[in-house]
Amino acid sequence: MNNPHRQESREPSQVQRLFRQLLREWLWISLVLLPLTALLSYRTQMNLADATPGLSALLSVGLVTGVLGLLLWRPHWALWITLIGMACALLTSAGLAELRKWWSPTPAFLSILFGYLIWNWRRLNGVLTYFGWELARLDSEPKVFPERRRPRFSGGDRLQGQIMALEQAMSRTRDTHRFIADGLEYLPVATLISDPRGQILLGNRKARELFEGDLVGDDVRQQLVQLGYPHVSQDLDALLSTLPLLEFRDIKERSLRLERAELLPVGGEAPVGWLWSLTDLSVERDAEEQRALMLRFLSHDLRAPHSAILALLDVHRHQVGGDPQLFDQIERQVRRALDLTDGFVQLARAESESYQLQPSLFAMLVLDVFDQALPIAQQKQIELFHDVDELAQESLIMADQSLLTRALFNLLENAIKYSAKGTCVSLQVTQHDDWLTCELADQGKGIAAEELPELFSQYRRFSSAQGIDGVGLGLSMVKAVVDRHGGTIECLSEVGKGTRFVLRFPIFKEY
């Protein structure tokens, strides 16, 4: 795959373009001044009756060429180079005069002076052009916070205008730096910024509290080791990019998650630093542990006495002197308590984050649900039909098979429960584009239109459910499972005609 940063770095930068433009300007100055110097020096030497005007002109051209070359090589010494070049021309003329050789320094003197003036004029113009381009680019970038109002320059001096624009840009940059520093300081997560070698440049308030130190100038790997991070204790010189990003327990038994991001310059691919964050998940992990303990209590410890009560009822139901009606009432209430426990446990698991998603054949999940629901339907003399089209038979979805099967079973069980004897329940699975559609329809009592908006709320029982056992958690669990699978669920119903649920799931594509 092509790397956009690599492609961008191959293009010449604006500075490189500026240097190339200045080199072209220098070549044009040289190509103009050197022939003029040679011509002027030759004519001057001819007027002085010089026997070798060509050699004199060559001497002038040599002096001017040397000065122009030094101006290009050491532009910050331009004034000294020019003065020394003109002094050399005067000294050379004086020395030749002592030898009774008349050589006029005027052509070389004037060429050096004009070369200095023209070269510095073109350099200044190039710098102003570059400043204007950079300032315009900076001004076009999105603003991260409201700017202060500043007066605009209305004069005609371009240099003064660029200086004022530069001052405003620097002020804006300082404001941005302050804004970023303040924003970083008060982030609710411990955040560090380090250089490419791992030396900490900045740490916010949360980081200083977590590491209990100032941090600036310390090595990030050493600090992580002292905190209890497990993967750098053996090699403190490990590359920062190879440190595993994971959740770990520190020396104070806090649950921390380490994250890292590269800090890349504009148009570059080599990081100029690293951004580190340590998120304290202790409260969340403690809550998850409490949730797991509660679920274990509900699914085992709370079920055990209820199951024991049902076993005792079964033993004493047929003894002489027992009250069968009382036993039936007790059994009904115990089973209702068990259903409530099961419903709550299922809903809690559906809303948890511990989904084990894997590619699954949706058609196989549907067949499994039908096998579970078939005895219930036969007992109530309800016919079950299912139809899976050819495309859907081989379609995969990312699913937690246990939870999704339970959700589909809840829907099918409800359809059977609320349908009259001798009716039918149908389930149809089709594929449209990148989605699987599962439609479950019954011929039951239906749901009133005004009750549909609250259909998936917890502990809600509707008018059509009167006289039928239930606790109002099944559809809440179904909605939670479908949402966590990236799907949608819709209910269409009409009182007296039945209900139709439409579920849609994104298809998993293997690349």
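The values are calculated or read from the model by the stated rules, or taken from the named source; none is laboratory data. None of these values were measured; they are calculated from a predicted model. Positions of Cβ are generated from backbone atoms using ideal geometry, with glycine treated the same way; all protein chains shown enter the neighbour counts.
If I ask for residues that are at pLDDT 70 or above and of a type in the set (V, I, T), which ones from region 143-178 would you list?
The answer is I163, T173, T176.
Just checking, does region 179-186 include any residue being at pLDDT 85 or above, in contact with a helix residue (DSSP H, G or I) (Cβ under 8 Å, 6 or more places away or on another chain) and either over 16 Å from T279 (Cβ atoms) or assigned to a helix (DSSP H, G or I) (or both)?
Taking every residue of region 179-186 in turn, at least one turns out to be at pLDDT 85 or above, in contact with a helix residue (DSSP H, G or I) (Cβ under 8 Å, 6 or more places away or on another chain) and either over 16 Å from T279 (Cβ atoms) or assigned to a helix (DSSP H, G or I) (or both).
Could you please find all residues in region 413-439 being surrounded by fewer than 17 Cβ atoms within 10 Å (Cβ to Cβ) and among the aliphatic types (A, V, I, L, M)?
Within region 413-439, just A420 meets the criteria.
For region 49-68, indicate whether the set of residues that are at pLDDT 90 or above, assigned by TED's automatic domain parsing to the domain that holds F131 and touching a Cys at 6+ places or on another chain (Cβ under 8 Å) is non-empty.
Checked region 49-68: at least one residue is at pLDDT 90 or above, assigned by TED's automatic domain parsing to the domain that holds F131 and touching a Cys at 6+ places or on another chain (Cβ under 8 Å).
Tell me, yes or no, whether region 15-33 has at least one residue that is in contact with a Lys or Arg (Cβ under 6 Å, 6 or more places away or on another chain), under 18 Å from F114 (Cβ atoms) and charged (D, E, K, R).
Yes, some residue in region 15-33 is in contact with a Lys or Arg (Cβ under 6 Å, 6 or more places away or on another chain), under 18 Å from F114 (Cβ atoms) and charged (D, E, K, R).
Residue-wise test of (1) surrounded by fewer than 15 Cβ atoms within 10 Å (Cβ to Cβ); (2) under 15 Å from W276 (Cα atoms); (3) β-branched (V, I, T).
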site	(1), (2), (3)
E167	yes, no, no
I200	no, yes, yes
G213	yes, no, no
Q222	yes, yes, no
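Answer yes if at least one residue in region 113-136 is more than 60 Å from the chain's Cα centre (by Cα), outside the structural domain of A169 (by TED's automatic domain parsing) and closer than 18 Å to L40 by Cα, and no otherwise.
Within region 113-136, the first condition is being more than 60 Å from the chain's Cα centre (by Cα), and the residues that meet it are none.
No, the conditions are met nowhere in region 113-136.
Determine if region 237-245 includes at least one residue that is exposed (fewer than 12 other Cβ atoms within 10 Å of the Cβ) and at pLDDT below 75.
yes
Pull up region 366-412, narrow it to residues that are touching a Gly at 6+ places or on another chain (Cβ under 8 Å) and more than 20 Å from D483 (Cβ to Cβ), then point me to the one that is surrounded by the fewest Cβ atoms within 10 Å (Cβ to Cβ).
If we take residues in region 366-412 being touching a Gly at 6+ places or on another chain (Cβ under 8 Å) and more than 20 Å from D483 (Cβ to Cβ), then Q381 is surrounded by the fewest Cβ atoms within 10 Å (Cβ to Cβ).
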